[in-house]
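Have a look at the structure below before the remarks.
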Amino acid sequence: MSSRKFSTTRDILRFEGKDKAAYWRRFAMLLTLSVVIATMGMLRDSGAVVIAAMLVAPLMTPILGVAAAMVMGWLGRAFKLALIVCCAAVISVLLAWLLVYVADVPRGILIPDQVLARTDPGTEDLIVALAAGVAAAYVQINRSEVSLLPGAAIGVSLVPPLSASGVLLYFGEPAEAYEAGLLFATNLGAIILSACSVYIVYAARAVLFSKGRRKLNFTASVAVTLAFLAFVVLQLGKSTYNRYLETRTEAQLAQTIRDWADPVSVEVVRVDVNAKRKHADIWLIVDLPVEAAYKVSSIAGLLPASLRETPLTDALQKELGPGYLVVVRFQNRIGAQIILGTENVQQAPDVEEIVE
C-alpha cells in the first residue's frame with residue numbers, strides 16, 4: 001500500500017485535527033443548528049428546509065471515523081466514536097421534542113407529511129444507505145470528488161429521522177417514533193459497513209491483513225456491525241411486508257366498496273389500513289339521486305334503496321374479517337347530468353367513468 005493511501009486513512013481516522021475540543025464544539029453547534037432546521041422544516045412541511053438540515057448535519061464524519069477505526073483495528077477508538085454518535089442521536093431527539101414543546105404546537109392537529117415520511121422504513125432505505133455510505137467514503141479518500149458529498153448527505157438523511165422521532169414523541173406516537181429511530185439505525189449500520197468495504201479496497205488492505213491483532217479486531221467489529229444490521233434488516237423486512245399487505249388490502253377494500261355501491265356512484269376519497277393495529281380509516285362521498293334535492297327527509301331516507309338493503313359493515317367485514325376497528329367518514333352530494341338548453345336532467349354518471 002502506498003504511503004499516500006496510508007496517510008489518507010489516518011487523516012480520515014483522526015478527523016478532529018490537533019484541536020479536538022474546537023472540533024467537538026463546532027460539531028455540537030452544527031448538530032444543534034441541523035436539528036433546529038429539520039424540526040422547523042418538518043413542522044412547516046417544507047422539504048427544501050429539511051434538505052438544508054441534511055447538508056448542515058455533521059454526523060457523517062464521526063460515523064465514517066467509526067468505519068476507519070474498525071478497519072485499522074482500533075476498537076477503543078471505534079467504540080468511543082460510536083458512543084458519541086449514539087449520544088448525539090439521543091440528544092437530537094430530545095432537542096427536537098423540546099423545540100416543539102417550547103413552540104407549544106397543538107397536539108390535536110394532523111402530523112405533517114414530512115414527519116410521517118420518516119416513519120415507514122423499508123429494505124429500499126437500507127439499499128440507499130449502503131450506496132450513500134460508499135459515496136461518502138469514496139469522497140473522503142478522493143478529495144477531488146468533494147462535489148459528490150452533498151448528494152451523499154441528502155441521500156442518507158441522518159438528522160431528519162431523529163427530529164421526526166422527537167416530534168412524534170411530542171404528539172404521543174411512540175410506535176411511529178420508534179419507526180423513525182429505526183430509519184436512523186438503518187442508515188448508521190449501513191454507512192459503517194459500506195464505508196469499511198471502501199476503505200479496505202482503496203486504502204487499508206495491507207495494514208489490515210499484515211498484522212494478526214488488527215485483523216482479529218476488525219473481524220470482531222464487523223461481526224458486531226453485521227449482527228446489528230441483521231436485527232435492523234429483520235425489522236425492515238417486517239415493515240416492508242406489512243406495507244405490502246396494507247397496500248394490497250387498501251386496493252381490495254376500495255374495490256369492495258365500489259362493488260357494494262354499484263350502480264350508485266361512490267367516490268372513495270381515502271382508504272388507510274394499519275394491519276398491525278387492525279385499524280382502517282375510510283372516507284367516502286355518496287351521490288344521491290337528483291330528486292333528493294327537492295325532498296326534505298333523513299339522510300337514510302334519501303339514500304338509494306340498494307344501499308339500504310346491504311349494510312356497508314357487512315361488506316367490510318367480509319373483506320377485513322372480524323376484530324378490525326373501522327372509521328367510516330362519508331358525505332352526500334347531489335349528482336346531476338344536465339343537457340343545457342333543454343329540461344333533460346338525469347343522474348350524473350359514475351365517478352369512475354368520469355375519471356376514465
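The values are calculated or read from the model by the stated rules, or taken from the named source; none is laboratory data. Bear in mind that the values here come from a model prediction, so they are computed numbers and not experimental data. Here the Cβ is made from the backbone with ideal geometry for all residues, glycine too, and neighbour counts use every protein chain on show. With ligands, DNA and RNA removed, areas are computed over all heavy atoms of the protein, side chains included. Shrake-Rupley method; radii C 1.70, N 1.55, O 1.52, S 1.80 Å.
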Q) Are any residues in the stretch 166-177 within 23 Å of Val56 (Cβ to Cβ) and open to solvent by 10 Å² or more (accessible area, probe 1.4 Å), and if so, which ones? A) Leu169
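Take Val269 and tell me if it is outside any helix (DSSP H, G or I), farther than 14 Å from Asp120 by Cα and touching a residue at least 24 places away in the same chain (Cβ under 8 Å).
Working: outside any helix (DSSP H, G or I): yes; farther than 14 Å from Asp120 by Cα: yes; touching a residue at least 24 places away in the same chain (Cβ under 8 Å): no.
No, not satisfied.
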Q) Considering only residues of the stretch 92-117 that are assigned to a loop (DSSP other than H, G, I, E, B) and out of contact with any Asp or Glu (no Cβ under 8 Å at 6 or more places or on another chain), which is nearest to Leu59 (Cα to Cα)? A) Ala117
**Q.** Among the candidates Val232, Val273, Val222, Val286, residue that is at pLDDT 75 or above and more than 29 Å from the chain's Cα centre (by Cα)
**A.** Val286
Q.
Among the listed residues Leu110, Leu98, identify the single one that is more than 19 Å from the chain's Cα centre (by Cα), within 20 Å of Val50 (Cα to Cα) and open to solvent by 70 Å² or more (accessible area, probe 1.4 Å).
A. Leu98
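Being closer than 13 Å to Gln252 by Cβ and open to solvent by less than 50 Å² (accessible area, probe 1.4 Å) is the filter here, so list the residues in the stretch 314-328 that pass it.
Ala315, Leu316, Leu320, Gly321
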Q.
Could you go through the stretch 255-269 and let me know if any residue there is open to solvent by 60 Å² or more (accessible area, probe 1.4 Å), modelled with pLDDT under 80 and under 30 Å from Asn332 (Cβ atoms).
A. yes
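So in the stretch 113-140, with the set limited to residues that are small (Gly, Ala, Ser) and open to solvent by 40 Å² or more (accessible area, probe 1.4 Å), which one is nearest to the chain's Cα centre (by Cα)? Spell out how you get there, then give the answer.
Initially, the stretch 113-140 is screened for residues small (Gly, Ala, Ser), giving 117, 122, 129, 131-133, 135-137.
So of that shortlist, the ones also open to solvent by 40 Å² or more (accessible area, probe 1.4 Å) come out as 117, 131.
Values: Ala117: 4, Ala131: 17 Å.
So the residue we want is Ala117.
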